[in-house]
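Take a look at the structure below.
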Amino acid sequence: MLQGVRTGWGRCRRGLSWLPAAAVRVARRSPLVVGIVLAAWLVGLVTGAATAGPSDPLTAAVGTGFPQLANGRWWTPLSAAAIWGGPAGYLATTLVLLVAGAIAERRIGPGRTAAVLVGLQVLGALLAVGLVRLTSLLDQGWSTDLCGQTAVGAAPGAVGLVLAASSALTALWRRRLRLVLLATAVLLVLYSGQLVDLVVLCSALLGLAAGPALFGRHPDRRAARPSRSEARVLVALLVTATAVGPVVAAMAQSPIGPLSVLQFVVLSPPPEAATVQAVCTSVSAEACRELQAQVRLYGIGPTLASVVPVLLLLVTAEGLRRGRRAARFVGIGLNLVLAGLGVLLAVEVGSTPEEQLVVYGGAPGARHVLALVLPPLLPLAVAALLVLTRDRFTERAPAGTYRRLVAVCACVLLGVGALYVVGGTLVADQFDRAPSTADLLADLPLRLLPPGYLGEVEPRFLPQGLLATLLFEWAGVVVWLTVAVGLAATFARPRFDPAGEGAVAARALLVDRGGSDLAWLTTWSGNRYWFGEGAADGTAVAYRLINSVALTTADPIGRDADRAAAVRGFAEFCRERGWTPAFYSVTEATRAACAELGWSWLQVAEEAVLDLPQLEFTGKRWQDVRTALNRAGKEGVTAEWISYPSAPPVLVDQIRAISEEWVADKGLPEMGFTLGGIDELADADVRVLVAVDAERTVHGVTSWMPVHRDGKVVGWTLDFMRRRAQGGFRAAVEFLIASAARDLRDEGYEFVSLSGAPLANLDCGQAPRGLQRLLDTVGKALEPVYGFRSLLAFKAKFQPSYLPLYLAYPDPVALPAIGLAIARAYLPELTAGQSARLLTRLRS
């Protein structure tokens, strides 16, 4: 056992061995913020603020606010940065500061970074306190509450520094940072409403305004009007913010913001029906009514029903990000419903004496004007925004999608309604007041409303038994979960032409116009096709859509002169649909076309190419190949060209057996995407070369895909490659490749391509970039399993010339999604058990 513990610790230590070096690199690049973070955590651990939150005496001693500044404690805007709030504050501020330091210190140095950090921290606090004091003279509500608060934390300066430094970033990162940070700051002010939230927002706005003067502007300046895809992201972010706001208010400590009243839409107090009945029989009517209302909000079912608007808005936001037309309609309708409920809630709260309010009587500021106006006004504004931006959301689902969804939801609604009415009638004795069938039918619409909006409505009856509770609490949940899941599924369904349509046209275009050496991969099943505008355009792109990533298969189809236009057209096609385009395994020409659009790229493979006219197997470098040819002659093994679809069954069965033996030996599924298998041999245009002996035993097999240019075949590309493992001719693959190259040379073709080896590159003596180093590490880890590097080394026997193959992509943030899409494309049928075996083999 002790040995096992030592072994486990050793593996863990080796797995984390990169951490010290990474920490040293971060400290060297950002010494100021690293020092600040370490000092702050030390203070937080000593005082206990980092683990349990700051104590009241500590907050009063170092914090800032109107009382402190009014008493002449002018240093408190700076001393407040010594304590970063509770554990969440320490973690969030650490993250933001490290981001800020990575940007700022490399551009303006540690000294100026410190000055900007301090300046934004102090000026943000002074501006916030000044605004609070000024508005408190005009209003006795929220501002008055803030006048008595004390703020601590370095988050204001950190957020302001990031936004200031964002002016020097590229448009992509500039837009992303500003959207996320500003939306978060506004969200906290509206829903949490603490003084520190207002200080963060003020510092953020100051940093945003001062950024160009402090850091300059990046030369890549885009037009002020965002593109269609960026507008979709912006609108989706706004809808997301309005969705999670009530949750933020419910999770915050003592929220007092203008929209904090909505915390009660998702917060469930805990009284039980028995308690309510006892109170109603022995205590006042007011207490009875209060507890009856709160019972509606209690339990798992009511809690789920309360977050239904949040869930539906989040699903809608995802549909808006994808540019779906239906998501716009759903968003408009849902926000109008929420606005109507907000109006009813405001009328009920505003017209009821405060001492008679049940749930909202204890809400801070519930009777203030902002708290009554904003809940209905905010969703109404979102609905208006969706109407104004309707031209951004035009993507439709496949025909009949929403008719089926409406039919399913209607059936669920009718079924649940019938179950509630009939079931409630049968178990009427399980309610505190036995309802009639008419009572249950009248109460059914209320079961579909979030309980938080019913807090001030007196219930007609309440459940006490198990079956009655299930019917009462879960009827609406089942209906709305069905709607949410159905909408999410429809938004994720792209509108494709039926399978097979376009494949014939793409194949004909490939034969006529040509493509790269790997272009025949685009004819494989699983690909979808984009065609250039117009019948005479002559370009197409084969791609696979995986989790909103449009992953292309090799270069665009068409002539080299049309490649740049194809890249631009396909990129625009993807942007219109909210997808991320990723040109995978493409040549230098496509990489250059992508680079003209400002895209990033990295090398993912090496293509090995043999020029046939000058091919001769002479010299020392060809010794291994000559040996394979000579041994094949001595053992009676010959190379024979066949067409797999019309080959004799005895050969087909052996080829299948060899392939299945290879897959079984791996214990993992055969990779696909750019690596062909048995299914890809069943193509009459693909040539198959087998190594057979005098007894018609197959020792090895290779397949060769045609490469077209201007209507004729000019070369061939190696795809499928297997040899018999047990008792077969060991040099069968070398023999087959050499024989194919010799035969194809004699037939007058220009070249053969040995295809590419994924995650395997030549060592050119250049230091790889960070992401390239990661891919190299992955390639080394997968080597014992799939042998990509060994494959590249094997191809070196044929003295090829090497052409790099690239991955080009527009958005570095999407790289994790692109990586996952590539993995799923190669291993679409990987099971959980196979994943476990893969991880086991990687560890060993």
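The values are calculated or read from the model by the stated rules, or taken from the named source; none is laboratory data. Nothing here was measured: the structure is a model prediction, and the numbers come from that model. Positions of Cβ are generated from backbone atoms using ideal geometry, with glycine treated the same way; all protein chains shown enter the neighbour counts. Ligands, DNA and RNA are excluded from the accessible area calculation, which covers all protein heavy atoms including side chains. Shrake-Rupley method; radii C 1.70, N 1.55, O 1.52, S 1.80 Å.
Condition check ((1) within 23 Å of Gly111 (Cβ to Cβ); (2) touching a helix residue (DSSP H, G or I) at 6+ places or on another chain (Cβ under 7 Å)) across all residues:
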position: Ile36; (1), (2): yes, yes
position: Ala50; (1), (2): no, yes
position: Asn71; (1), (2): no, no
position: Ala81; (1), (2): yes, yes
position: Ala88; (1), (2): no, no
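Taking region 410-440 as the range and being open to solvent by 30 Å² or more (accessible area, probe 1.4 Å) and either under 30 Å from Ala488 (Cα atoms) or in contact with a strand residue (DSSP E or B) (Cβ under 9 Å, 6 or more places away or on another chain) (or both) as the test, the residues that pass are Ala410, Cys411, Val412, Leu413, Leu414, Gly415, Ala418, Leu419, Gln430, Asp432.
Of the set (1) over 29 Å from Gly819 (Cβ atoms); (2) crowded, with 16+ Cβ neighbours inside 10 Å, all apply to Asp710 but (2).
You will find that of Val382, Val406, the residue that is modelled with pLDDT of 85 or more, closer than 28 Å to Ala488 by Cβ, of a type outside the set (Phe, Trp, Tyr) and open to solvent by 70 Å² or more (accessible area, probe 1.4 Å) is Val406 and no other.
Take Leu138 and tell me if it is at pLDDT 85 or above and open to solvent by 40 Å² or more (accessible area, probe 1.4 Å). No, not satisfied. Within region 630-658, residues that are under 30 Å from Thr618 (Cα atoms) and free of Cβ contacts under 8 Å to residues at least 60 places away in the same chain reach partners that are small (Gly, Ala, Ser) and outside any strand (DSSP E or B) with beta carbons closer than 9 Å, at six or more positions or on different chains, in the pairs Gly636/Ala694; Thr638/Ala632; Thr638/Ala694; Thr638/Ser739.
Restricting attention to region 744-753, does a residue exist that is touching a residue at least 24 places away in the same chain (Cβ under 8 Å), open to solvent by less than 10 Å² (accessible area, probe 1.4 Å) and part of a strand (DSSP E or B)? Looking for residues that are touching a residue at least 24 places away in the same chain (Cβ under 8 Å), open to solvent by less than 10 Å² (accessible area, probe 1.4 Å) and part of a strand (DSSP E or B), one finds at least one in region 744-753, hence yes. Scanning region 113-141 for residues that are more than 35 Å from the chain's Cα centre (by Cα), over 24 Å from Ile256 (Cα atoms) and in contact (Cβ under 8 Å) with a residue 60 or more places away in the chain yields no hits at all.
Looking only at residues in region 308-333 that are open to solvent by 30 Å² or more (accessible area, probe 1.4 Å) and closer than 12 Å to Thr242 by Cα, the one that is modelled with the lowest pLDDT is Leu311. Just a yes or no: is a residue in region 555-573 modelled with pLDDT under 90 and under 20 Å from Gly819 (Cβ atoms)? Taking every residue of region 555-573 in turn, none turns out to be modelled with pLDDT under 90 and under 20 Å from Gly819 (Cβ atoms). Across region 489-528, the number of residues qualifying as at pLDDT 80 or above, under 26 Å from the mean Cα position of the chain (by Cα) and either in a loop (DSSP other than H, G, I, E, B) or farther than 25 Å from Ala326 by Cβ (or both) comes to 2. Scan region 546-563 for residues that are out of contact with any helix residue (DSSP H, G or I) (no Cβ under 6 Å at 6 or more places or on another chain) and either in a strand (DSSP E or B) or of a type in the set (Lys, Arg) (or both) and the total you get is 1.
Between Ala592, Ala566, Ala608, the distinction of being open to solvent by less than 10 Å² (accessible area, probe 1.4 Å), on the phi < 0 side of the Ramachandran plot and part of a helix (DSSP H, G or I) belongs to Ala566 only.
Filtering region 703-743 to residues that are farther than 16 Å from Ala632 by Cα, polar (S, T, N, Q) and not in a loop (DSSP other than H, G, I, E, B) leaves Ser703, Thr717. Of everything in region 184-207 that is part of a helix (DSSP H, G or I), open to solvent by 30 Å² or more (accessible area, probe 1.4 Å) and modelled with pLDDT under 90, the residue that is farthest from Pro246 (Cα to Cα) is Val196. Scanning region 426-443 for residues that are in a helix (DSSP H, G or I) and either touching a Pro at 6+ places or on another chain (Cβ under 8 Å) or over 16 Å from Gln464 (Cβ atoms) (or both) yields Ala428, Gln430, Thr437, Ala438, Leu441, Ala442, Asp443. Taking the numbered list (1) among the polar types (S, T, N, Q); (2) over 21 Å from Phe751 (Cβ atoms); (3) modelled with pLDDT under 85 in turn, Thr618 passes all entries but (2).
Residue check: Trp601 meets all listed conditions (1) under 25 Å from Leu820 (Cβ atoms); (2) open to solvent by 10 Å² or more (accessible area, probe 1.4 Å); (3) out of contact with any Cys (no Cβ under 7 Å at 6 or more places or on another chain) but one, namely (3).
Selection of region 454-469 for residues being open to solvent by 40 Å² or more (accessible area, probe 1.4 Å), modelled with pLDDT under 85 and not polar (S, T, N, Q) yields Val457, Glu458, Arg460, Leu466.
Filtering Ala115, Ala102 for residues that are at pLDDT below 85 and open to solvent by 30 Å² or more (accessible area, probe 1.4 Å) leaves a single hit, Ala102.
When Leu78, Leu42, Leu97, Leu58 are screened for being modelled with pLDDT of 85 or more, hydrophobic (A, V, I, L, M, F, W, C) and buried (at least 22 other Cβ atoms within 10 Å of the Cβ), only Leu97 passes.
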